[in-house]
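Undergrad: Have a look at this one.
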Amino acid sequence: MKITIGVSMPPQNGDMPQLRKAWEEADRMGADSIYTFDHFFTLVFHENPSFEETHGKSFEATSIQAAMAVTTKRAEISCLVHCTAYRNPNLMADIARTIDHLSGGRFVLGIGSGWFKLDFDEYGYEFGTVASRLKQLEKDLETIKERWTKLNPPPLRRIPILIGGGGEKMTLRITAKHADIWHSFGDIETMKRKSDILDEWCAKVGRDPKEIVRSTSIGMMRGGKVDPEPFVKAGFSHFVVHARGPDWDLAGLKEALAWRDSVQ
């Protein structure tokens, strides 16, 4: 099983020159994938954040990926993950196809149902419910894949689809049907259980579970609290470290790449 390493660089809390320098350096270092994320407002993980906290510096995700596509050479370019509600699915298919061409066939469509209510409210999207958002995701994935067959020129390859999320009744069923990569995070017991449930959904929809790469976040490797090796034993092969603004420090990526190279 081939181990691959990605780095997520949320385009928030910093300036573009530093962010661009970081993704170009990640590509030179040998990252297998470079990710942005899809939020219009800065994320703050505590109750009742202030206006200043949520309205910090932030850039738009599809534009970031187009820039990454033309300023990198080897890494796959993706997002953890696009919210399907934020863009018409036919347009999202066209954006994906265009970035695929800009990158020379290195684009991966990372997509999910969304969850950050401020994004929805401020930009005028209907928040709905978890169930309604997931139903829309499934519908939009069908539209996106159909649009890819109609575009001229077509994508340079069959664009892989990454689905983010861990919901066992809907998200993992949609993943089994549509995804090439599944990304979620949690402790090893939780992730093993969810991976087994994904296998069960694959059996129900007639999909070989080996076709779906299992991906998870590992923070700062052994310097933090996550040891990737139990996840490898559980069938996970893609691991994502996170670098955040304003500096997008790549120390965690360096450690992760050294580990990747030591186990190959």
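Computed from the coordinates by the stated procedures, all read-outs in this text should not be read as laboratory data. None of the values given here were measured: they were computed from a predicted structure. So basically every Cβ, Gly included, is an ideal-geometry build from the backbone, and we count neighbours across all protein chains shown.
Undergrad: Percent of alpha carbon pairs in segment 112-216 separated by more than 21 Å?
TA: Working: 2285 of 5460 pairs.
I get 42 percent for the Cα pairs in segment 112-216 exceeding 21 Å.
Undergrad: Under 10 Å, Cα contacts only: if you run a Gaussian network model on the chain, which one of 88, 13, 48 comes out with the highest mean-square fluctuation?
TA: Result for the chain, Cα springs under 10 Å: 48 fluctuates most.
Undergrad: Given Cβ point charges of +1 (Lys, Arg) and -1 (Asp, Glu) and nothing else, what value in debye, to the nearest 20, does the dipole of the chain about its Cα centre take?
TA: Using Cβ point charges on Lys, Arg, Asp and Glu, the chain gives about 900 debye.
Undergrad: For n ≥ 4 DSSP H runs only, could you compute -39500 (n - 2.57) per run for the chain, divide by its residues and tell me the 222 nm figure to the nearest 500?
TA: Working: 10 runs with 114 residues, N = 264.
Result for the chain: -13000 deg cm²/dmol, rounded to the nearest 500.
Undergrad: Once you treat every alpha carbon in segment 150-197 as an equal point and sum by Debye, what is log10 I(q)/I(0) at q = 0.17, 0.28 Å⁻¹?
TA: -0.55, -1.04
Undergrad: Here's something else I'd like to know. What per residue convex hull volume, in Å³, comes out for segment 163-238 when only alpha-carbon positions are used? Show your work: numbers first, answer last.
TA: Values: hull volume 5.5 nm³, N = 76.
With only Cα atoms used, segment 163-238 gives 73 Å³ per residue.
Undergrad: Any idea how far the Cα center of segment 14-43 sits from the one of segment 166-223, in Å?
TA: 25 Å
Undergrad: Principal axes first, then extents: for the Cα atoms of segment 4-263, list largest minus smallest coordinate on each axis, whole Å, largest first.
TA: 44, 43, 42
Undergrad: Could you tell me which of the pairs 57/117; 2/73; 192/254; 117/194; 21/194 are separated by over 30 angstrom between their Cα atoms in the structure shown? Present the calculation step by step, with values, prior to reporting the outcome.
TA: Details: 57/117 18 Å; 2/73 21 Å; 192/254 26 Å; 117/194 25 Å; 21/194 36 Å.
Beyond 30 Å between Cα atoms: 21/194.
Undergrad: Tell me, what is a quarter of the convex hull surface for the C-alpha atoms of segment 1-142, in nm² with one decimal? Display every interim value, and only then the final one.
TA: On the way: hull surface 38.9 nm².
For the Cα atoms of segment 1-142, the hull's average projected area reads 9.7 nm².
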